[in-house]
Amino acid sequence: MAQEIVALIAQYGLLLVFANVLVEQAGVPVPALPTLVVAGALAGDGRLPLAGVLLAALAGCLLSDYAWYAAGRRYGSRVTRTLCRISLSPDSCVRQSELRFQRWRGQVLLVAKFVPGLSTVAPPLVGALGLPPLRFLLLDGAGSLLWAGAAVMLGYAFSAQVDRVLAALESAGTLAVEALAALLLAYVLLKWWQRWRLLRSLRMARIGVDELSRALASAHPPLVVDVRSPAARRLDTRVIPGALLLDTNDFGSMLAVAAPERELVLYCNCPNEVSAARIASLLARRGYRRVRPLLGGLDAWDAAGFALERLAPEPAPEPSSRVA
């Protein structure tokens with residue numbers, strides 16, 4: 001089978017590299033790194049042009065990434081949330097991506113393909129946050145060349161060793177394929193087990209949007225807290241009227257206005273309200289006993305037709321000599 005893979009790559013060459021990279025960057029779990037390494041080894045043997053392999057990989061990355069980027073510019077945070085719901089780690093996908101963008105801004109594209117879970121999410125995220133198209137193409141192109149170039153040059157530099165590894169896989173026959181399939185299955189099961197443990201640890205009572213609406217109209221309304229990251233609020237400027245915008249790096253602002261006996265309702269717009277549930281658990285450990293996440297989060301509140309406000313847009317960043 002290994003030799004059949006090599007023959008397939010040698011026969012279809014650049015087209016196969018382009019197609020594999022395009023499909024993987026689109027979000028389909030068909031890894032392109034083995035194809036790039038083998039293509040690099042074939043380039044080292046003179047059976048494929050090295051520059052052609054790199055250009056095919058770059059074209060596949062840019063075409064797929066720009067489609068996601070355009071979707072992010074048009075549909076905003078809905079695209080990233082949809083991607084994260086179908087990922088193996090949906091509960092941290094959006095938040096981790098937002099935090100990385102908050103720290104790196106557009107330069108996150110230089111390293112996105114090296115970070116599991118960030119490669120597909122980063123293009124629509126930076127699109128939704130308003131990164132200009134030319135800047136996106138420059139940064140994404142540079143990051144794609146770094147990622148593809150590392151794999152291709154690895155195969156190119158160790159072409160003889162790659163041939164020996166493939167020969168060993170060929171000798172092992174179906175046993176090697178079954179071992180690789182077992183490892184992949186074990187990885188998927190591990191991710192699902194981690195998700196189950198997280199959701200179980202954060203299992204707590206939620207408050208529905210109708211109940212919250214009634215509570216806000218009562219004589220003693222709860223304090224509503226928006227626990228989204230600043231980057232998430234830039235993506236989606238909707239807020240529940242009167243909500244406290246929490247900086248999760250500094251709880252002092254909330255602790256100063258909320259006594260431990262105060263009823264708190266936390267909301268986000270992440271899968272399973274995990275961000276809200278995590279912070280609710282943290283506050284419970286600090287002595288807050290009347291704290292609940294909002295079931296369905298901000299989207300459920302909006303879908304029910306309750307009042308919303310919009311945050312004022314942030315001023316555009318000052319021009320910089322750096323590409324960011």
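The values are calculated or read from the model by the stated rules, or taken from the named source; none is laboratory data. Since this is a predicted model, take the numbers as computed values, not measurements. All Cβ positions, glycine included, derive from the backbone under ideal geometry; neighbour counts span all protein chains shown.
Among the residues that make up region 92-104, is at least one of them at pLDDT 80 or above and of a type in the set (A, V, I, L, M)? Quick ask: steps written out before the conclusion?
Restricting attention to region 92-104, the residues satisfying the condition of being at pLDDT 80 or above are none.
No, the conditions are met nowhere in region 92-104.
Test of understanding: among 291, 274, which residue is surrounded by 17 or more Cβ atoms within 10 Å (Cβ to Cβ), within 15 Å of residue 207 (Cα to Cα) and touching a residue at least 40 places away in the same chain (Cβ under 8 Å)?
Numbers: 291 fails: touching a residue at least 40 places away in the same chain (Cβ under 8 Å).
Only one candidate passes the filter, namely 274.
From the list 141, 155, pick out the single residue that is at pLDDT 60 or above, surrounded by fewer than 23 Cβ atoms within 10 Å (Cβ to Cβ) and within 27 Å of residue 35 (Cα to Cα). Talk me through it step by step, then tell me what you get.
Values: 155 fails: surrounded by fewer than 23 Cβ atoms within 10 Å (Cβ to Cβ).
That would be 141, the only listed residue that is at pLDDT 60 or above, surrounded by fewer than 23 Cβ atoms within 10 Å (Cβ to Cβ) and within 27 Å of residue 35 (Cα to Cα).
Name the helices (runs of 4 or more DSSP H) wholly within region 228-324 that hold at least 2 residues that are modelled with pLDDT under 85? I'd like the intermediate steps shown before the answer.
Working: elements: 230-235, 252-255, 274-285, 297-303.
Answer list for region 228-324: 230-235, 252-255, 274-285.
Could you tell me which numbered condition residue 148 fails, if it satisfies all but one of (1) within 20 Å of residue 51 (Cα to Cα); (2) surrounded by fewer than 23 Cβ atoms within 10 Å (Cβ to Cβ); (3) touching a residue at least 40 places away in the same chain (Cβ under 8 Å)?
(2)
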